[in-house]
Amino acid sequence: MKKENKFSTVQIAIAGLFIAITVVMSYQNIYIFGPRSGRITLRFIPMIFSSILLGPKLGCIIGGISDPLIYFLTLGSPGLYFPGYMLTNMLMGLFPGFILKNGDKKILTIIVKLLIITVLSFALTIFLDSFWLSVTRGKGFWYYVVVRIIPNVVQSIITFIALFILTTRIKKRYR
């Protein structure tokens, strides 16, 4: 009896490219406030788009692999590795694949579903990442929520525009 593979070679190759793009884009940060407090990062765009393109399973795997890679490849990372951020990245790669599927061809449907994805990613980065920051750095949860609202609103707008362009231009899905 032949065992069937869960992922094709093309899917695995594209997933590897998305991991590399995510790692590279994690170094492209814009700091609005002091260092490490109010930053705009574009690393979630390839994570979210990989879930839309390849499906939620591979999107979750891409998020889970990219976070430790980003941490261990960054010189001067503060403190020990904390796996809570990996959970955020895995969720960021998981849910878009369930929301935006292959059959969505109408522009209005795509816009509405991308808005839902953008709001959910905003909520994840604001609340879950702020919780992890309060656990690892010792300041209050609401401090991080307030400091990170403006950068995350700007980040969400950029994410929505990028995902809209990518999802309307790239028609083929590799699920």
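We did not get these values from a lab; they are worked out from the coordinates using the rules stated. Small disclaimer: the values here were computed from a predicted structure and weren't measured. All Cβ positions, glycine included, derive from the backbone under ideal geometry; neighbour counts span all protein chains shown.
Compared with the dominant Cα axis of the chain, that is its longest principal axis, helix 107-123 is turned about 30°. Couplings for segment 41-49, taken from phi via the Karplus curve 6.51 cos²θ - 1.76 cosθ + 1.60 with θ = phi - 60°, read 10, 9, 6, 7, 4, x, 5, 5, 5 Hz in order; Gly and Pro are left as x.
Just to confirm the filter: which chymotrypsin sites (Phe, Trp or Tyr not before Pro) across segment 23-84 are DSSP coil and have at most 15 other Cβ within 10 angstrom of their Cβ? In loop regions of segment 23-84 (DSSP not H, G, I, E or B), the sparsely surrounded chymotrypsin sites (Phe, Trp or Tyr not before Pro) are Y27, F33, Y81. Taking every DSSP helix (H) stretch of at least 4 residues in the chain, weighting each as -39,500 (n - 2.57) and dividing the sum by the residue count yields a mean residue ellipticity at 222 nm of -22500 deg cm²/dmol.
A simple spin-label model places pseudo-atoms 7 Å from Cα toward Cβ; at L73 and S8 they are separated by 2.6 nm.
Compute the long axis of helix 84-99 from its Cα atoms, compare it with the longest principal axis of the Cα atoms of the chain, and write down the angle in degrees, 0 to 90, nearest 10. Between helix and principal axis, roughly 40 degrees.
Quick one: which of K57/K105; K6/K57; K57/K106 span more than 20 angstrom between C-alpha atoms? Violating the 20 Å Cα-Cα cut-off are K57/K105; K57/K106. What does the charge count around S130 come to, taking other residues whose C-beta lies under 11 Å from its C-beta (Lys +1, Arg +1, Asp -1, Glu -1)? That sum, taken over residues with Cβ under 11 Å, equals +2. Our coupling estimate for segment 8-18, obtained by passing each phi through the Karplus curve with A = 6.51, B = -1.76, C = 1.60 and θ = phi - 60°, is 7, 5, 5, 4, 5, 5, 5, 4, x, 5, 5 Hz, Gly and Pro reported as x.
Extending 7 Å from Cα along the Cβ direction at Y143 and again at I170 yields two label points whose distance is 3.9 nm.
Which listed residue (I110, Y85, P151) has the Cα farthest towards the positive end of the charge dipole for the chain, taking +1 on Lys and Arg C-beta and -1 on Asp and Glu C-beta about the Cα centre? Of the options given, the answer is I110. For the chain, the pair-distance distribution built from all alpha carbon pairs, in bins 10 Å wide starting at 0, is 10, 38, 35, 14, 3, 0 percent.
Per-residue 3J(HN,Hα) values for segment 65-72, derived from phi via the Karplus relation 6.51 cos²θ - 1.76 cosθ + 1.60 with θ = phi - 60°, read 7, 5, 5, x, 4, 4, 5, 6 Hz in sequence order (x marks Gly and Pro). Volume per residue of the convex hull around the Cα atoms, evaluated for segment 112-153, comes out as 52 Å³.
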